[in-house]
Amino acid sequence: MKVIDVNGWRENPNLEEAPDPIKGVIVKISEGTEIDEDFDRHMNNALDQGVPVGVYCFTHARNKLRAEREAMALVDKLNEYEGADLSLGIWFDMEESNMPDGTPFERAEIVMAFLNVITEYTHDVPVGVYSGYYGLTDDIDVGALPDYVQLWVANYSNTNYWNDEHPERPAKMWQYSDSYKIGNDYYDVEEWYD
């Protein structure tokens, strides 16, 4: 199923204007502990269009305590959206540009510090980590993450190399482009695997 992610200054997409049916939206909720100033606008737009939603935090965490604080800020904001269909999950965005120092195992511990707070908040919503192909391959010890932690891989290509190379731990979502045009704006587009 085709999904887009929306953040910051972008327009509110009218999904009916998309060249292909968009079945869900993932909205940037926060950067570190700061709630994205456009989150409510994007979240309400997605909910008004009746599609499943997910949210992500672009982390600034350099340690487990900071990751927990980021998760608590996210949970506090999500309390305003009780009952929303968050079936596309809550994601911890750890990219090459914001990768903390440390070993891949230490980075996996930071991911889990964030996700443990989220799973205390809700057991009904999928949780996971977003990173580029090399982030998941080299920078985060994916093997140290429990099986319930889903993977969202960015790999701009015609092929999802992560899933081809890791059939034992496939990504739930594959971001394959950052230039999917809807209306007058461009969005990241993903394939969500059922």
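The values are calculated or read from the model by the stated rules, or taken from the named source; none is laboratory data. Keep in mind that this is a model prediction, so the values were computed, not measured. As a convention, Cβ positions derive from the backbone with ideal geometry for all residues, glycine included, and neighbour counts pool all protein chains shown. All accessible areas refer to the heavy atoms of the entire protein, side chains included, with ligands and DNA or RNA removed. Shrake-Rupley method; radii C 1.70, N 1.55, O 1.52, S 1.80 Å.
Which value, in Å³ per residue, describes the convex hull spanned by the Cα atoms of the chain?
108
With n ≥ 4 as the cut-off for DSSP H runs, can you work out [θ] at 222 nm for the chain, using -39500 (n - 2.57) per run divided by the number of residues, rounded to the nearest 500?
After summing the helix terms and dividing by residue count, I get -7500 deg cm²/dmol.
Can you put Ser30, Ser177, Ser87 in order of accessible area, largest first, using a 1.4 Å probe?
The ordering from most to least exposed comes out as Ser87, Ser177, Ser30.
Would you mind getting me the FRET efficiency between Leu65 and Glu165? Use the beta-carbon distance for r and R0 = 41 Å, nearest 0.05.
So, using R0 = 41 Å, E works out to roughly 0.75.
Leaving ligands and nucleic acids out of the surface, order Asp178, Asp124, Asp164 by accessible area at 1.4 Å, largest first.
From most exposed to least exposed: Asp124, Asp164, Asp178.
If you find the alpha carbon centre of the range 102-131 and of the range 1-65, how far apart are they in angstrom?
Cα centres, the range 102-131 to the range 1-65: 19 Å.
Starting from the Cα of Glu120, step 7 Å along the direction of its Cβ; do the same at Asn44; then give the gap between the two resulting points in nm.
Once both label points are built, they end up 3.1 nm from each other.
Taking Cα pairs under 8 Å and at least six residues apart, what relative contact order does the range 34-185 come out at, in percent?
That works out to 19 percent.
Taking 0.36 nm per intervening residue step and subtracting the Cα-Cα distance, what contour gain separates Asp101 from Lys23 on full extension?
24.4 nm
Over the range 102-194, with every protein chain in place, what whole percent of the accessible area is carbon and sulfur at 1.4 Å, could you tell me?
Carbon and sulfur: 46 percent of the exposed surface of the range 102-194.
Going by accessible area, probe 1.4 Å, with all protein chains left in place, what is the ranking of His123, His166, His60, largest first?
His123, His60, His166
Longest span of the chain, sites excluded, free of chymotrypsin sites (Phe, Trp or Tyr not before Pro) in DSSP loop with at most 16 other C-beta atoms within 10 Å?
Here the longest run is 10-147.
Using the Kyte-Doolittle scale, which helices in the chain average at least 0.5 and also have C-alpha atoms spread 15 Å or more along the helix axis, with helices defined as whole DSSP H runs?
104-121
Hey, what's the chain come to in accessible area per residue, 1.4 Å probe, Å²?
Accessible area per residue: 46 Å².
Would you please give the residues with an amide H less than 5 Å from that of Ile182, counting only those at least 5 places away or on a separate chain, with H modeled from the backbone geometry?
Those qualifying (amide H under 5 Å, at least 5 residues apart or on another chain) are Tyr187.
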